[in-house]
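All remarks here apply to the structure that follows.
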Amino acid sequence: MSVDAPAKITILGAGPIGLEAALYARFLGYEVALYEQGRPAESIRRWGGVPLFSPFGMNSSPLGRSALAAQADDDFSLPAEDELLTGAEYVDRYLQPLAESDLLADSLHCGWKAIAVGRAGLSKSDMVDEEARRDADFIVVLVDSDGQEKIDRSDVLIDCTGLFGQASWIGGDGVPATGELAARPHVEFGLPDILVGERDKYASKHTLVIGSGYSAATNVCALGQLAREALHTQVTWITRKANQADAEGPMRRFENDSLSARDRLAVQANQLAAKTEPHVVHWPHAPVTGIHYDAHSDRFQVTLAGEKPGMHEFDRVIANVGYVPNTDLTRSLQVQYCYATEGPLKLAAKLMEPESADCLTQPTGEAQLLVNPEPDFYVLGAKSYGRNSQFLIQNGLKQIQQLFTIIGDRENLDLYRQFLPANPQ
Ligand SMILES: Cc1cc2nc3c(=O)[nH]c(=O)nc-3n(C[C@H](O)[C@H](O)[C@H](O)COP(=O)(O)OP(=O)(O)OC[C@H]3O[C@@H](n4cnc5c(N)ncnc54)[C@H](O)[C@@H]3O)c2cc1C
């Protein structure tokens, strides 16, 4: 059943996908409320110094580029589509201008955190799986940093709150390692500015990096560079699993990877792991069982199992162990999350198919994969993949295009195709 403009669509989270979804909806004439707990693209601002490995053209939509070009003054120029931007450049040159654009500025409410969502007059167990639930407005409870509350009501609700809020446990068994709860505030879970802003924190120190993804690889490479420049800097990189037989190292490479920056990062990290430099070591199959922070010495004692059993000491710990989605937010809605990834079930099942191993070949699938038992409720963006780390911004843009074919019940609706330069409006 279609929801026609000017119905109201509420979108939670103004990361790249929330902003683009809001723009799409505004262009179609819907009333939009876009709530962001911090500033636009708050998550990406946290790793501003790191380059994206997908080019700007993959991280922006034809609609977004066109909206900015239409209102650009002489001082503004969009990045070229093949440009590789850092996170900060992506924010400054695209996402922030988009947030301030004519179509979005009035819809965006920054500094409001969504803490719970429900449906007016209904509990989770009312009208199980019934379409009639859509007759009740969505209710979103929001709080600002002063603790002030407000309620938003809407016809359609889109959750684009991403993943970066909640890091997984460091413990190798899926539960906190012994001592982890107390140690966590002293552990870095993201991508610190190792070579510039936080150089003093890591120079001439021994850092433990935990994790086997691109964030860990980025940190290991930056620390490797620092070790070449600052005497006595050391890096120990641990991964939970043993290296795959025949693998070049902990980082998986994809055959003929068209994201060359991604491949370069994997190659560089694997070379460091192979002990090509004296100050970097890699220990595969070394799950963490205990972690204690000693404030007096400002050092960590980390207990490992696997191939390096026993206690080891480090000055700093960076844990790039992935993120878990916050499913509490939608607890009162009828949403089914996958027992393995905690992404919405239909999409999660599709993503588990073998051809989905590389994010570039992700089956964004048919639009119906985005539909939940809760009518008119959708999860888009990184959160829609749950713990599956293969999400790319371009997958989210495809989701937006697909979603509005469902909301508007117009199978051929594709604003992105309409706004491609070869076919200007
Ligand atoms: C170092 C690094 C490099 C990367 N490189 C690439 C790349 O090259 N290409 C690529 O495609 N992807 C890349 N990614 C991944 C990409 O950044 C994410 O997939 C993308 O940001 C997801 O967008 P999103 O809008 O779904 O979520 P997010 O960007 O996480 O945005 C979610 C937003 O929701 C807000 N929010 C959260 N909870 C609430 C709440 N309760 N109420 C209100 N607001 C809330 C957050 O503050 C945030 O602004 C990279 C990631 C990292 C860490």
Would you please name the residue that is nearest to the ligand (Cβ to nearest atom), looking only at residues in the range 125-148 that are surrounded by 15 or more Cβ atoms within 10 Å (Cβ to Cβ) and not aliphatic (A, V, I, L, M)? 138
Have a look at 145, 107 and point out the one that is hydroxyl-bearing (Ser, Thr, Tyr) and at pLDDT below 95. 145
Of the residues 74, 92, 82, 4, only one is under 30 Å from residue 119 (Cβ atoms), acidic (Asp, Glu) and either touching a Ser or Thr at 6+ places or on another chain (Cβ under 6 Å) or away from the ligand (no atom under 12 Å from the Cβ) (or both); which? 4
If we keep just the residues of the range 385-400 that are near the ligand (Cβ under 8 Å from one of its atoms) and without any contact (Cβ under 8 Å) to a residue 60 or more places away in the chain, which is most open to solvent (accessible area, probe 1.4 Å)? 391
Report the residue count in the range 391-406 for those that are of a type in the set (S, T, N, Q) and under 17 Å from residue 14 (Cβ atoms). 1
Can you confirm whether the range 23-45 contains a residue that is within 14 Å of the ligand (Cβ to nearest atom), open to solvent by 10 Å² or more (accessible area, probe 1.4 Å) and over 16 Å from the mean Cα position of the chain (by Cα)? yes
Looking only at the range 34-51, decide whether some residue is in contact (Cβ under 8 Å) with a residue 60 or more places away in the chain, within 13 Å of residue 158 (Cβ to Cβ) and in contact with a helix residue (DSSP H, G or I) (Cβ under 6 Å, 6 or more places away or on another chain). yes
Test: residue 286 is outside any helix (DSSP H, G or I), open to solvent by 30 Å² or more (accessible area, probe 1.4 Å) and either modelled with pLDDT of 95 or more or of a type in the set (Gly, Ala, Ser) (or both): no
Suppose we filter 179, 172 for residues that are in contact with a strand residue (DSSP E or B) (Cβ under 6 Å, 6 or more places away or on another chain) and at pLDDT below 95; which single one remains? 172
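Here is a yes/no grid of residues against (1) under 30 Å from residue 300 (Cα atoms); (2) not hydrophobic (A, V, I, L, M, F, W, C):
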residue	(1), (2)
91	no, no
127	no, no
150	no, yes
186	yes, yes
Members of the range 250-276 found to be among the basic types (Lys, Arg) and open to solvent by less than 40 Å² (accessible area, probe 1.4 Å), listed by number: 262
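If I ask for residues that are open to solvent by 70 Å² or more (accessible area, probe 1.4 Å) and either part of a loop (DSSP other than H, G, I, E, B) or touching a residue at least 40 places away in the same chain (Cβ under 8 Å) (or both), which ones from the range 150-184 would you list?
Scanning the range 150-184 gives 153, 164, 165, 166, 169, 173, 175, 178, 182.
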Residues satisfying the stated conditions in the range 224-258, i.e. outside any loop (DSSP other than H, G, I, E, B), over 20 Å from residue 321 (Cα atoms) and aliphatic (A, V, I, L, M): 226, 227
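For residue 49, state whether it is modelled with pLDDT under 95 and within 14 Å of the ligand (Cβ to nearest atom).
yes
The values are calculated or read from the model by the stated rules, or taken from the named source; none is laboratory data. Please read all numbers here as calculations on a predicted model, not as lab measurements. Cβ: placed from backbone, ideal geometry, glycine included. Neighbour counts: every protein chain shown. Accessible surface is based on the protein model in full, side chains and every heavy atom, while ligands, DNA and RNA are left aside. Shrake-Rupley method; radii C 1.70, N 1.55, O 1.52, S 1.80 Å.
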